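The values are calculated or read from the model by the stated rules, or taken from the named source; none is laboratory data. As the structure is a computational prediction, the values presented were derived from the model and not from experiment. FYI the Cβ positions are ideal-geometry reconstructions off the backbone, even for glycines, and counts take in every protein chain you see. Ligands, DNA and RNA are stripped out before the accessible areas are found, and what is left, the full protein with its side chains, is counted by its heavy atoms. Shrake-Rupley method; radii C 1.70, N 1.55, O 1.52, S 1.80 Å.
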Amino acid sequence: MIPIRDYIKGFDSLFHQCLDKAPWEIINELDNLIQDRFSNLSAEYKIEENIAIHKTVTVEKGVTIKGPVIISENCFIGANAYLRGPIFLGKSVKVGPGVEIKQSIIFENSALAHFNYIGNSIIGKNINFEAGSICANHYNERVDKTISVKHNGELMNTGTKKFGSLIGDDTKIGANAVLSPGTILARKSIVKRLALVEQIP
């Protein structure tokens, strides 16, 4: 069991129904989890089909959004960003130009600089991704593409072929760094520029 509350403060209050689920289980069920939240959104959200955007959000030109997606208060979505739902963005998330996000949760005050890729991941609060950094979500190069993770020294098979990262609050990811599928980072981690994080060889 990986208690996400140990990585992300306030996770319980936003996703209380997921307390007993593994991170990859949450990602695999994210479509339904986000759809269920639509009925509880305030009138401050503009909802068209399965995309909900708070009235305080800034969306620049050329952005593509495919639902289901919820974008919370004071978020910024830079030009030509590509959001492939299901996606939940917490308050004051900044998504830079040319960023692609797929099937992920990003908590409040986190920032993606530009030309980042975030795939099938759970990103905590106050995370900063410098330009070009990547959360990879698939082992293209391996014969067995099933993803495993390492938590407290224990190897855990996720049983899925698509899972990116679980990143704890206040972590900094340097420019052009790559987090391999199944990466788990504790709070206040620092990944240097150009680094490759590969926790399962």
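For the reader, a short list of remarks on this structure follows.
- Taken over segment 51-65, residues that are outside any loop (DSSP other than H, G, I, E, B) and either within 18 Å of ARG37 (Cβ to Cβ) or more than 18 Å from the chain's Cα centre (by Cα) (or both) amount to 7.
- Each residue in segment 1-47 was checked for being of a type in the set (A, V, I, L, M), open to solvent by 50 Å² or more (accessible area, probe 1.4 Å) and either over 23 Å from ASN109 (Cα atoms) or over 18 Å from the mean Cα position of the chain (by Cα) (or both), and 3 of them qualify.
- Residues that are surrounded by 18 or more Cβ atoms within 10 Å (Cβ to Cβ), assigned to a loop (DSSP other than H, G, I, E, B) and in contact with a Phe, Trp or Tyr (Cβ under 9 Å, 6 or more places away or on another chain) occur at least once in segment 66-78.
- Residue tally, condition buried (at least 18 other Cβ atoms within 10 Å of the Cβ) and more than 14 Å from GLU29 (Cα to Cα), over segment 79-88: 2
For (1) under 11 Å from the mean Cα position of the chain (by Cα); (2) of a type in the set (Lys, Arg); (3) open to solvent by less than 60 Å² (accessible area, probe 1.4 Å), each residue gets a yes or a no:
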residue	(1), (2), (3)
LEU166	yes, no, yes
LYS172	no, yes, no
ALA195	no, no, yes
GLN199	no, no, yes
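- Hits in segment 174-188 - residues which are surrounded by fewer than 21 Cβ atoms within 10 Å (Cβ to Cβ), part of a loop (DSSP other than H, G, I, E, B) and of a type outside the set (Gly, Ala, Ser): ASN176, ARG187, LYS188
- All positions within segment 38-50 that are part of a helix (DSSP H, G or I) and either polar (S, T, N, Q) or touching a Leu at 6+ places or on another chain (Cβ under 9 Å) (or both): SER39, ASN40
- Residue within segment 59-80 that is within 19 Å of PHE163 (Cα to Cα) and among the aromatic types (Phe, Trp, Tyr) present: no
- One residue from GLY98, GLY159 being modelled with pLDDT of 95 or more, assigned to a loop (DSSP other than H, G, I, E, B), crowded, with 17+ Cβ neighbours inside 10 Å and not hydrophobic (A, V, I, L, M, F, W, C): GLY98
- Screening LYS150 with (1) under 20 Å from ILE8 (Cβ atoms); (2) within 17 Å of the chain's Cα centre (by Cα); (3) touching a residue at least 40 places away in the same chain (Cβ under 8 Å) gives one miss only, at (2).
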